[in-house]
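The values are calculated or read from the model by the stated rules, or taken from the named source; none is laboratory data. Owing to the predicted nature of the structure, the values given are computational and were not obtained by experimental measurement. So basically every Cβ, Gly included, is an ideal-geometry build from the backbone, and we count neighbours across all protein chains shown. SASA here: full protein model, heavy atoms, side chains in, ligands and nucleic acids out. Shrake-Rupley method; radii C 1.70, N 1.55, O 1.52, S 1.80 Å.
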Amino acid sequence: MAKISVLVGTVYGSAKALSEQLIAKIHSEGHEVELLHEYSVEAIKQSHVLLCVTSTTGQGEIPDDLAPLIEQLQRLQPSLNTKRFAVIGLGDSSYGETFCGAGRQVDKVFEQLSAQRILPRLEIDACEYFEPDKPALVWLKTFLQQLAG
């Protein structure tokens, strides 16, 4: 079974609420899962599998609670070649090119640091899904199958 560390970037709480639902489902499937409370490069290095759930703020920016970690990763450039990761981005497609901008940025940073992507990034559009858990739980099933395989 996998040990999964969950990172959350949230503004109004929707990404945090979604991450709590995902954590409950991951735990019920027998995996070890933790919501990271300390966002540091060291915490990332100690993780095995990273799952980032982030909303997007402003014009495609990363929320304030997650932004310092991503900036630190960009600045220090630690190798994450032994880490596996996946990203769920929440956004609103009416914002055009900045739709799910935070998820895209996080995904790009992990890729640049040589982390191994488990699945393509899931982008959930608030214009299409009032409740993001529906597409996220379908995606999570495949995510967990990939970890087991």
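Is there any pair linking a residue in the range 125-148 that is in a loop (DSSP other than H, G, I, E, B) to one that is modelled with pLDDT under 95 and loosely packed, with under 11 Cβ neighbours inside 10 Å, with Cβ under 8 Å and at least six apart or on different chains, and which?
127/94
Restricting the range 2-31 to residues that are within 13 Å of residue 89 (Cβ to Cβ) and in contact (Cβ under 8 Å) with a residue 60 or more places away in the chain, which is most open to solvent (accessible area, probe 1.4 Å)?
14
What pairs come up if the first residue lies in the range 104-116 and is within 19 Å of residue 4 (Cβ to Cβ) and modelled with pLDDT of 95 or more, the second is of a type in the set (Phe, Trp, Tyr) and in a strand (DSSP E or B), and their beta carbons are under 6 Å apart, counting only those six or more places apart or on different chains?
110/85; 115/85
Residues being more than 17 Å from residue 118 (Cα to Cα) and in a helix (DSSP H, G or I): count how many of those fall in the range 1-22.
8
Just for the range 51-83: of the residues that are in a loop (DSSP other than H, G, I, E, B), in contact with a helix residue (DSSP H, G or I) (Cβ under 6 Å, 6 or more places away or on another chain) and not β-branched (Val, Ile, Thr), which one is farthest from residue 3 (Cα to Cα)?
My answer is 59.
Quick one: what pairs do we get from the range 33-53, first residue open to solvent by 70 Å² or more (accessible area, probe 1.4 Å), second of a type in the set (A, V, I, L, M) and part of a strand (DSSP E or B), C-beta under 9 Å, 6+ apart or different chains?
What qualifies is 34/4; 34/6; 48/4.
Conditions tested, residue by residue: (1) surrounded by 13 or more Cβ atoms within 10 Å (Cβ to Cβ); (2) under 21 Å from residue 17 (Cβ atoms); (3) at pLDDT 95 or above; (4) not small (Gly, Ala, Ser).
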residue: 57; (1), (2), (3), (4): yes, yes, no, yes
residue: 68; (1), (2), (3), (4): no, no, yes, yes
residue: 74; (1), (2), (3), (4): yes, no, yes, yes
residue: 80; (1), (2), (3), (4): yes, no, yes, yes
residue: 85; (1), (2), (3), (4): yes, no, yes, yes
residue: 88; (1), (2), (3), (4): yes, yes, yes, yes
residue: 91; (1), (2), (3), (4): yes, yes, no, no
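Considering only residues that are open to solvent by 80 Å² or more (accessible area, probe 1.4 Å) and hydrophobic (A, V, I, L, M, F, W, C), look in the range 93-132 and name the one that is nearest to residue 12 (Cα to Cα).
Only one residue fits best here, namely 130.
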